[in-house]
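Notes for the one structure printed next.
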Amino acid sequence: MEQKGDIALIGLAVMGQNLILNMNDNGYTVVACNRTTSKVDEFLQQAAKGTRVIGAHSVEEMISLLKSPRKIMLMVKAGKAVDDTIELLLPHLSPGDCIIDGGNSYFLDTIRRAKSVEGKGMLYIGTGVSGGEEGARRGPSIMPGGSAGAWPLVKDIFKAISAKTPDGSACCEWVGDNGAGHYVKMAHNGVEYGDMQLICEAYQLMKYGVGLDADAMHTIFAQWNTTELDSYLIEITRDILAFKDADGEPLIDKILDTAGQKGTGKWMSVSSLDLGVPVTLIAEAVYARCLSAIKDERVVAATILSGPEEKFSGDTVAFIEDIRKALLASKIISYAQGFMLMREAAKEYGWSLDYGSIAMLWRSGCIIRSVFLEKIKAAFDKNPNLRNLLIDEYFASLIGSCQGSWRRVIAQAVTLGIPVPAFSTALAFYDGYRSERLPANLLQAQRDYFGAHTYERLDKPRGTFFHTNWTGRGGDVSSSTYTA
Ligand code: 2AM
């Protein structure tokens, strides 16, 4: 059989199909495969009709159609399906062939799979692909990581099919070894959870605080999209608010307020706990979804628990501008936390991440695409070792100019009894991060009091530990010398 396939793709759900069509548009010959082979025929007869796409009905056939070294991309369900498919492929591959997992895999799974596949002489890539169905078809953001030797094999294809920034560069760059690509994709999704929650809190304040209707909010979001907030998520919110149901009423007012989730925000929060990085906003965004999901309980509680009687009575126009600035300030915190986490993960897992490049991977194609990311890139260009986005001159000054609004909005929300968990945790983080002294002196004293956990002193060098016999009864032995 003539070996003319540039790449094979297994998994013909909509993302897989669209990636194939995108590769085809860019001049590549793709071999299409699926566990249920009838889907291969359907695809060839429908969406892929008239294209160069070749169907394969077995692994053997697929392998025989591919040029060497073979590149096989999996777009199957995350989890066991990926392991099963890898097992199925391995006996048919030759050293130097490459398996690429383009699904939403957990980065620790990717690290494990990369090691195992590399151990057998093949190459492995775990790549984030973001942008949904539309992105896959027209140009997604692509975040590949894994065996460095595999990058030259797929670089041209991936760069060709990826989204492009306004200056024309590809939203696809090598991220790092092992699970780095899927980690960065996870961070992308976590940041997406944060952005969405922040927009929802702004909406809630305008709807239940100020009493605006969907049309009025549509106009506000349209205006916000011409400011620093210019982004895909603000844009779709604008359009959602204008969308009318069949009866002419805003559809948004009829949608049940219980959020779903697929787990990437949770993974990011778990990773932040594992690594000890305070990624508070994204964790709050996950919890906000969880709270929304217990609708039945909330409906009962609403009849039992009272809130304040106050109604908003301020200047509406000024308050709306305050909300915009609160959203912007909180968004800066969210990204600062996301980049803090990636920095710590890079240390933990031995990656050398290029943070400016990651910001540009997200600039177009993906769900969090925004103008804002260019400012992040500029901050890391100016100082590649920047410890935290918040201390970059541009962001420090921008957040400083927003903080009056931010505090007013949160104070007003508290007065009105409107929950703004992400706005609030962002401000608490800001105030904590800029505090030279926090009450952890008391915390250390408490720990030493009940558990002899010791403390360091302000007037002694770091790394010298002290224990005090606080009560005269506990003794002078610290917990470093015995297990309490
Ligand atoms: P299917 O059409 O045969 O179900 C999204 O679910 C994609 O993942 C589909 O292409 C689906 O194939 C594939 N998939 C799900 N579980 C799989 C498994 N255990 N092995 C291989 N492919 C699987």
Cross-link table Lys67/Lys115; Lys155/Lys185; Lys77/Lys120; Lys4/Lys77; Lys266/Lys325, entries beyond 22 Å C-alpha to C-alpha = Lys67/Lys115; Lys77/Lys120; Lys4/Lys77; Lys266/Lys325
Lys and Arg at +1, Asp and Glu at -1: add these up for the other residues within a Cβ distance under 15 Å of Glu374 and post the number.
-> +2
Over the stretch 337-421, calculate the relative contact order: mean separation of alpha carbon pairs under 8 Å at least 6 apart, over the residue count, as a percent.
-> 19
For the chain, what's the radius of gyration and Dmax over Cα atoms, in angstrom?
-> 25.8, 87
The chain accessible area per residue, 1.4 Å probe, protein heavy atoms, integer Å², reads 47
Listed highest first by mean packing, meaning other Cβ atoms within 10 Å per residue, what order do 130-139, 206-215, 182-191 come in?
-> 182-191, 130-139, 206-215
Charge tally in the Cβ shell below 13 Å around Ala170, where Lys, Arg are +1 and Asp, Glu are -1, Ala170 excluded | +1
Give me the percent of the accessible area of the chain that comes from carbon and sulfur atoms, probe 1.4 Å, all protein chains in place.
-> 53
Roughly how tilted is helix 295-304, in degrees to the nearest 10 and between 0 and 90, from the longest Cα axis of the chain?
-> 20
HN-Hα couplings for the stretch 46-55 via Karplus (6.51, -1.76, 1.60; θ = phi - 60°), in whole Hz with x for Gly/Pro, come out as 10, 4, 9, 4, x, 9, 7, 4, 10, x
FRET efficiency for Lys347 and Lys262, using Cβ-Cβ distance with R0 set to 41 Å, rounded to 0.05 = 0.90
Would you calculate a helix-derived [θ] at 222 nm for the chain, using -39,500 (n - 2.57) for each DSSP H run of n ≥ 4 and dividing by the full residue count, to the nearest 500?
-> -16500 deg cm²/dmol
Summed over the other residues with a beta carbon less than 14 angstrom from that of Phe312, with K and R at +1 and D and E at -1, the charge totals -1
Relative contact order in percent for the chain (Cα pairs under 8 Å, 6+ apart) equals 12
For Thr316 and Phe243 in the same chain, what is the full-extension length gain: residue separation times 0.36 nm, less their Cα-Cα distance, in nm?
-> 23.9 nm
Taking a ≥ b ≥ c as the square roots of the eigenvalues of the Cα gyration tensor of the stretch 22-71, is the shape rounded (a/c under 1.5), prolate (a/b larger than b/c) or oblate?
-> oblate
Angle in degrees between helix 151-161 and the longest Cα principal axis of the chain, rounded to the nearest 10 = 80
For Lys382 and Lys254, extending 7 Å from Cα along the Cα-Cβ vector and measuring point to point gives, in nm, a value of 4.9
Sort 192-199, 436-443 for me by packing, meaning the mean count of neighbouring Cβ atoms within 10 Å per residue, highest on top.
-> 192-199, 436-443
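The values are calculated or read from the model by the stated rules, or taken from the named source; none is laboratory data. Since this is a predicted model, take the numbers as computed values, not measurements. Every residue, glycine among them, receives a Cβ derived from its backbone with ideal geometry; neighbour counts consider all protein chains shown. For the accessible areas, the whole protein counts, side chains as well, though only heavy atoms, and no ligand, DNA or RNA atoms are used. Shrake-Rupley method; radii C 1.70, N 1.55, O 1.52, S 1.80 Å.
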